[in-house]
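Undergrad: Here you go, one structure.
Only the coordinates and a few stated rules stand behind these numbers; no lab work does. Computed from a predicted structure; not experimentally measured. Cβ sites come from the backbone with ideal geometry, for glycine too, and all protein chains shown count toward neighbours.
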Amino acid sequence: MKVRSLVVIAALSGLSLLADSSNSVLIRNVMVHPVTSPDIANGSVLVIDGKIAQVGPKVGAKGVARVIDGHGLQLYPGLINAATNVGLSEISSLRDTVDLDEVGLFNPDLRAEIAYNPSSEHIGVTRGAGITAVISLPGSGGRGFGRNGPGSVITGQGTLMHLDGWTWEEAAVKPSAVMDMLFPEIETVPRRYAAFLPGRPRPYQELEKDYRERLQQLSEFFEDARRYEKAKAAAGPDFRGDVRLEAMIPVIDGKLPLFVRAEREPMIKDAVAFADKEKVKIIIADPREIGSTGPLLKEHNIPVVLGKTFQLPMRDDDPYDAPYTLPNEFYKAGVKICFGTFDVEFARNVPFEAAQAVAFGLPHDEALKALTINSADILGAGDQLGSIQPGKIADLILTDGDPMQAKTNIKQMFIAGRGVSLESRHTREYEKWIRRP
Amino acid sequence: MKFRLLIVAAVLLPFGRIEAAAPSAIAIKDAHVVTVSGPDMPKATILLRDGLIQDVGPGIAIPADAWAIEGAGLTVYPGFINGLSTWGITARESQPSRESATDQRTPAPRIHGPEDRPQTYSFERAADLLTPDDGRLEAARSAGFTTSATFPNRGIFEGLGAMVDLAGERGRDMVIAQPIGQQIAFRMGSGGMGRSFPSSLMGNIAYVRQLFLDLDQYRAAKMIYDAHTEGNRRPEYDHELEGLAESPRILLPAEEAQQIDRILRFGRELKTPFVVYGLHEAYRRVEELKQANVPVLISLKWPEKPKDGDPHEGPDYRELQMREQAPAVPGMLAKAGVKFGFYSDGVDSAADLHKALKKAIDAGLSRADALRALTLDVAGIYGLSDRLGSIQKGKIANLVVTKGDIFGNKDAVEYVFIDGKQFQPAKEGGR
Amino acid sequence: MQQVFSFTCLIGMMAILSPAETTLIRNATVLTVTKGTVPNGRVLIENGKIAAIGKNVSAPADATVVDAAGKYLMPGIIDCHSHTAIEGGVNEGTVSDSSMVNINDVIDPYDVNIYRALAGGLTVSNVLHGSANAIGGQTVVIKLRWGKTAPEMLFEGAKPGIKFALGENPKRQGYPTQSFFSRGPALERRYPGTRMGVEEVIRESFTEAKNYQATWKKYNDRIARGEHPIPPRRDLRLEPLVEVLEGKRYVHAHCYRSDEILMLIRVADQMGFKIRTFQHALEGYKVAKEIAAHGAGVSTFSDWWGYKIEAYDATPYNAAILMRKGVMVSLNSDSDELQRHLNLEAAKTMRYGGLSETEALAMVTINPAKQLGIDDKVGSIEVGKSADLVLFDKHPLDTFSKPLKVWIDGHEYFDRDKDLEKRPEFERRKKALEDKLNAAANAGAKQGKPGAH
């Protein structure tokens, strides 16, 4: 690979598209995978001011500040992990380093964005796999058997972050991208785990009653938000602001999607029914089975953020490959899918989660879309991220192969047109200790 | 349903001396006698005296002092024997046998290893804990049970069992034989992360193994010391090992197929006579059980759909198979010639006991085999077939008298005899 | 479908798989791992062993022929760190030294994870006790012979091991905390609560083991002299440690930080035993030299990190650094999930450290075989070794690949097509059984009129 910088005299570049010649990059002679349109062999991509300016078989280099020869390499849009806790959790077993799962049942006004630590080591590590943007969620999604008392139902606003930026403000792409929510669940304990938990498992009837109560509370909370919105619009003299209800307005207006974590079929159905009733936009997150929900989701145009493909089947009798085939099942049902890992340590493995789905039936191109444009679309950033198209933010990765292949190396990364280091805590340890005499 | 001591002598004696009212002998005449040990006797007389079967057969002369009972239309069986239960031992103050979160509020000293002899009650005797006041005895008698192999039920080494009558004035009167064995249970808390050793299955196994090694050493030490006192330090007296040494056999738990495999290997390793209890998945291991030639006790608590389960999460196929096939185990073992008995495993009401036995018969166990398993065979498992389990001259007079087939309907039992004393169920609506 | 498989297997559990059949796999790309790659190759299986490998191998007329055109054959995958198929708790975590317990006692051959792992190409597992105590339980190597009994799954002749654990896990019960399982009051503390305590437990136990050895020697000497001493008490906790001292049992030590790895090497030196493998050893790369000098192997994760403080210095380059510094390295699963795709874990070493394909495959085949002392029998495709083989649709280091067939000892234990084929029948059977039981239960409920009890 050849990288050379050209110092161009501004005066000579009169015909260039460049507004500021020092802020342009041309990657040429590269296999371009725009994702939303056919691949371009020996193509070029011009980036100006952090945006993709031109894509095509041939783009003039005249006046471009930096030209990268991508001979033998592949150019993809940066990958997106649509569900992580990057920036909010450093060492998951040490509570002091974790900012997830705030106290309280309904916390719609919490903003993950502001707790995103731009110095987290996970940012560099995650970039290493070609990931340029993530959703960082304020909840861990952890329910856990035998949990004492209720956890949060609405955990706060998930944020779409670039994995680069001196501050969280600079890193934010879409500060409030989703409203993270753990849909209430009837948490029965599988027989085989019952022996490991303190106390007796609670009878189903009792759990179901709790569940109904929780749903009722949820409905009431939404009702409160509507009343609040109305009162606010009326702007009477006695109107008093409320941060929690205020934060619900984009949700009840259908502008901010509820990011609803629902694992099993009955929960998914209940979640869809709930969204229907409340007339809100939802995304189903981390489902573990499709059951009969495919047509329902398709009909309601509800997308799905898949969790890890590398999971054990939920039940002993399930096919061994049930989690592997799940992404394809949603795809075949006509549901728009993307991938998340719902964690922080393994956020970088999202391309491999998609790859395993490909091994078990998901078309390769669909997997790639799921990792890029679908994520962007689902997260409401389809006009900004997810493909190599003029006008989009220039999040690009230059690789020596398919980013879903483990042996592929990510050679260079651009986030909003900026060349970003692929060093991380991990490469630094390597560089340091390989030299130990 | 209630059972009460039949006041046979009420006419002759004032109230308040019921116990003394028993006649010196009772003759049940012209009944259909199912001896179990031999062919049925369609019309025979059974003579009971001093708690024993003095004689049985057609045309036996009824002595003058005997109280005669008309047996025509009745069937007499040997009393049923529960192969393993706590019948006769009522709930008592004891440390919880299973760890749970709630137990952690009352911490006991942490157990550091086998040397602390955790959960060993090998020395406790069922015979010392018996009471005739246990409410379950009445229900058991209504279902035709007269006898039980009763064991204490706490800890891993649960103590010394006794074969007991299900009636008596005092606990000590109930004892037929003791000790008849040592029940071993595996106690697991929090999947190996409990407070006290052992809390995993492997910990339980290692612990039992260690105690048996200790027993070997204890015996050897005593023997060597007795022969060579000089230069040897006297072996220490060991309460727990004494209890274990006294056990003529041990009872080991195994419910599922792999547990049966495991326990058959383990039992052989311990080099002590053993009986396996549980066996609901034994339909997968009939041949192995036959080869092993180990007697078994089958739980009457058949696996069933839980009442408070999640309707969206059905059982797995193996569990379903177990629900279907567990009741067929007795029939399969009978055909294979494996010696087995039944045990109540918490099924205590007369109706439920009847239903559970009926389920095994419906699933392929012949009535004759069922009867043997409930009487002579289970007595044999405990080495007591010389005194219990059949209607034979000289045996203990524990009998059931029914109208029709004992498995026919749940109200078939007319009365039972225990140690020659007659008990009658109070009918529906009675006391 | 695993349960269909179990169902059919259970009918004649002992009877099946009696004489091994002769099988010829042809037209496969044969990844031998130790002897290069044979494109368009053939592998002949006879009597459970690999009988021939090459381009021109002929088979007897009655041999089963598997055409593997376009497919890849590799040795069965070996996992040096597993907790699969353990019944009744992975840990005996109540004591600082639980060497008296033995995984061999509690293998559950019905654990469906065995089949799921097989379907991922795994054929051998080193099944370990958990890491809750400084000295954990005895361990056992199994072959994933799904459908067989626990004793039949044992890897014949594999040396048994014992689990040690250093660092956070064994000391966790030594300081006030709320465990995952206990939401109640903090647990009573148990020793040790520091790395110093962990080291002390190991030294103390081995000192006791040596005393125990001496006691028995003294006793045997007295017997030899014709005296009549009382035998000492046998101690199941100390006996495996004596075996470690005598080289009859491998030590597999769970560890993370470099200091504790070095500590254990020094304790082992002092006590006179060897560490066979450091397990996880996420900071192994910092003391690669010392590990290599001790002669220990390292069995690590491909890319786990950051989930606890002792994993914060982890790097996925660990395997590469250790390998380049002369340590025998394998990648393990430690998980019922991860054990289903160790080939893909191995593939990551190509990205993290630039391992060659063969080096990467060795991480989950011949290297763990060497660490477990079974490399004379398994771990590569070589004539005379057990026919433990996996057929992949693509190169096993390709993340789009999946196993199609798995053989152990020449017997087919997994076949994806057959698995797929059996699913509808299984569903039908299960549904029918469920309906039957429900119908019986409903009939029973009708019979049981109120007042009947």
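Undergrad: Distance check, please: which entries in A:K174/A:K392; A:K51/A:K174; C:K286/C:K348; A:K209/A:K298; C:K348/C:K402; C:K370/C:K394 exceed 22 angstrom between their Cα atoms? Present the calculation step by step, with values, prior to reporting the outcome.
TA: Values: A:K174/A:K392 14 Å; A:K51/A:K174 16 Å; C:K286/C:K348 20 Å; A:K209/A:K298 30 Å; C:K348/C:K402 16 Å; C:K370/C:K394 26 Å.
In this structure, A:K209/A:K298; C:K370/C:K394 lie more than 22 Å apart at Cα.
Undergrad: List, in order, the whole-Hz ³J(HN,Hα) value for each residue of the range A:252-263 obtained from phi through the Karplus relation with A = 6.51, B = -1.76, C = 1.60 and θ = phi - 60°; use x for Gly and Pro.
TA: Values per residue, Gly and Pro as x: 6, 7, x, 9, 10, x, 7, 9, 9, 7, 9, 7 Hz.
Undergrad: Going by alpha carbons, how many degrees (0 to 90, nearest 10) lie between the helix axis of B:201-227 and the longest principal axis of chain B?
TA: 90
Undergrad: If you don't mind, another one. For Cα pairs less than 8 Å apart in space and 6+ apart in sequence, what is the mean separation divided by the residue count of the range B:80-389, i.e. the relative contact order in percent?
TA: Numbers: 586 pairs, mean separation 55.4, N = 310.
The value is 18 percent.
Undergrad: Report, to the nearest 10°, how far helix B:350-362 tilts away from the longest principal axis of the Cα atoms in chain B, using its own Cα long axis and a range of 0 to 90°.
TA: 80
Undergrad: Determine which aspartates and glutamates satisfy two conditions relative to B:K395: a Cα distance under 18 Å, and not lying fewer than 8 residues away in the same chain.
TA: B:D40, B:D50, B:D55, B:D165, B:D173, B:D377, B:D386, B:D419
Undergrad: Between Rg and the Kirkwood Rh of chain A, both from Cα atoms, what is the Rg to Rh ratio?
TA: Taking Rh as the inverse mean 1/r over Cα pairs, Rg/Rh reads 1.01.
Undergrad: Still on this structure, I have one more. Kirkwood Rh over Cα pairs of the range A:239-309 into Stokes-Einstein at 20 °C, 1.002 mPa s: D in µm²/s? Walk me through the intermediate numbers first.
TA: Values: Rh = 12.9 Å.
Translational diffusion coefficient: 166 µm²/s.
Undergrad: Identify all lysines with a Cα-Cα distance to C:K148 below 22 Å; exclude those on the same chain that are fewer than 8 residues away in sequence.
TA: Straight-line reach from C:K148, under 22 Å: B:K290, C:K49, C:K159, C:K377, C:K385, C:K405, C:K418, C:K422.
Undergrad: When you take every Cα atom in the protein assembly as shown, what is the radius of gyration, and what is Dmax, the widest Cα pair distance, in Å?
TA: 36.1, 140
Undergrad: So, one more: Please give, to one decimal in nm, the separation of the simple spin-label points placed at A:E299 and B:H312, each 7 Å out from Cα toward the Cβ.
TA: 1.8
Undergrad: Using the count of nearby Cβ atoms within 10 Å as a rough guide to exposure, how do B:I180, B:I381 rank from fewest to most?
TA: Taking fewest neighbouring Cβ atoms as first place, the list is B:I180, B:I381.
Undergrad: Another question, if that's okay. Which number comes out as Rg/Rh for the range B:291-431 once both Rg and the Kirkwood Rh are worked out on C-alpha atoms? Could you put the intermediate results ahead of the total?
TA: Numbers: Rg = 17.2 Å, Rh = 16.9 Å.
With Rh from the inverse mean 1/r over Cα pairs, Rg/Rh is 1.02.
Undergrad: Among B:E230, B:E324, B:E256, determine the one that fluctuates most according to a GNM of chain B built with springs between C-alpha atoms less than 10 Å apart.
TA: Highest fluctuation among the options: B:E230.
Undergrad: A further question on this structure: Count charges around A:A394 for me, please; just the other residues with Cβ under 10 Å from its Cβ, Lys/Arg as +1, Asp/Glu as -1. Numbers along the way, then the final one.
TA: Values: positive: A:K51, A:K392, A:R418; negative: A:D49, A:D395.
Taking every other residue near A:A394 into account, the sum is +1.
Undergrad: Let me ask something else. Using the alpha carbons of the range B:184-228, what is the convex hull volume per residue in cubic angstrom, as a whole number?
TA: Details: hull volume 2.8 nm³, N = 45.
For the range B:184-228, the hull spanned by Cα atoms encloses 63 Å³ per residue.
Undergrad: How large is the Kirkwood hydrodynamic radius of the range A:183-324, in angstrom, based on all distinct alpha carbon pairs? Intermediate values should be presented prior to the final figure.
TA: Working: mean 1/r = 0.0572 Å⁻¹.
When all Cα pairs of the range A:183-324 are included, the Kirkwood radius is 17.5 Å.
Undergrad: In vacuum, with every alpha carbon of the range B:80-389 counted as one equal point scatterer, what does the Debye formula give for log10 I(q)/I(0) at q = 0.06, 0.07 Å⁻¹? Two decimals, please.
TA: Summing over Cα pairs of the range B:80-389 leads to -0.21, -0.29.
Undergrad: At q = 0.17, 0.18, 0.25 Å⁻¹, work out log10 I(q)/I(0) for the range A:26-103 with the Debye formula, treating every Cα as an identical point scatterer and leaving solvent out; two decimals please.
TA: -0.68, -0.71, -1.16
Undergrad: So what's the net charge close to A:L306: Lys and Arg +1, Asp and Glu -1, counting the other residues with Cβ under 9 Å from its Cβ?
TA: Numbers: positive: A:K308; negative: A:D286, A:E353.
So the environment of A:L306 carries a net charge of -1.
Undergrad: Could you state the number of Å between the C-alpha centres of the range B:123-141 and the range A:380-437?
TA: 75
Undergrad: Let me ask another. Per Stokes-Einstein, at 10 °C and 1.306 mPa s, what whole-number D in µm² s⁻¹ belongs to chain C, with the Kirkwood radius over Cα pairs as the hydrodynamic radius? The partial results should precede the final answer.
TA: Values: Rh = 23.8 Å.
Answer, rounded: 67 µm²/s.
Undergrad: Then there is this: Are there any trypsin sites (Lys or Arg not before Pro) in the range A:374-437 that are in a DSSP loop and have at most 14 other Cβ atoms within 10 Å? List them by number.
TA: Working: sites: A:K392, A:K407, A:K411, A:R418, A:R425, A:R428, A:K432, A:R435; in loops: A:K392, A:K407, A:R435.
For trypsin sites (Lys or Arg not before Pro) across the range A:374-437 that sit outside H, G, I, E and B with at most 14 neighbouring Cβ atoms in 10 Å, the list reads A:R435.
Undergrad: Got a sec? Charge dipole of chain C, +1 on Cβ for Lys and Arg, -1 for Asp and Glu; which of C:Y413, C:A319, C:G147 is way out at the positive end?
TA: Ranked along the dipole, the leading option is C:G147.
Undergrad: Here's a follow-up. If I model a spin label at C:E200 and A:W166 as a point 7 Å from the Cα along the Cα→Cβ vector, what separation in nanometres do I get?
TA: 5.2
Undergrad: Still on this structure, please answer the following. Sort C:T365, B:T150 so that the residue with the fewest other Cβ atoms within 10 Å of its own Cβ comes first and the one with the most comes last.
TA: Details: C:T365 35, B:T150 27.
Fewest-to-most ranking of C:T365, B:T150: B:T150, C:T365.
Undergrad: Here's another thing I want to ask about it. Taking chain B as a Gaussian network, Cα atoms linked when under 10 Å apart, which of B:I298, B:I224, B:I176 shows the biggest mean-square fluctuation?
TA: Between B:I298, B:I224, B:I176, it is B:I224 that shows the largest mean-square fluctuation.
Undergrad: By counting other Cβ atoms within 10 Å of each Cβ, how are A:Y324, A:Y228 ranked from fewest to most? Mind showing how you got there, number by number?
TA: Working: A:Y324 25, A:Y228 20.
Result, fewest neighbours first: A:Y228, A:Y324.
Undergrad: Quote the convex hull volume per residue of the range C:201-290, based on C-alpha atoms, as a whole number of Å³.
TA: Numbers: hull volume 8.3 nm³, N = 90.
Value for the range C:201-290: 93 Å³ per residue.
Undergrad: Please work out the Cα center distance from the range C:245-266 to the range B:241-306, rounded to the nearest Å.
TA: Each part reduced to its Cα centre gives a spacing of 39 Å.
Undergrad: Given a 10 angstrom Cα cut-off, can you work out which residue in B:D345, B:D165, B:D362 is the most mobile in a GNM of chain B?
TA: In the Gaussian network model the winner is B:D362.
Undergrad: I would also like to ask the following. Relative contact order, percent, of the range A:79-384 when contacts are C-alpha pairs under 8 Å separated by at least 6 residues?
TA: Working: 608 pairs, mean separation 56.9, N = 306.
Computed over the range A:79-384, the figure is 19 percent.
Undergrad: By the scheme Lys and Arg +1, Asp and Glu -1, what is the net charge of all other residues having a beta-carbon under 13 Å from that of B:H354? Walk me through the intermediate numbers first.
TA: On the way: positive: B:R141, B:K355, B:K358, B:K359, B:K410; negative: B:D348, B:D352, B:D362, B:D405, B:D411.
Residues close to B:H354 contribute a combined charge of 0.
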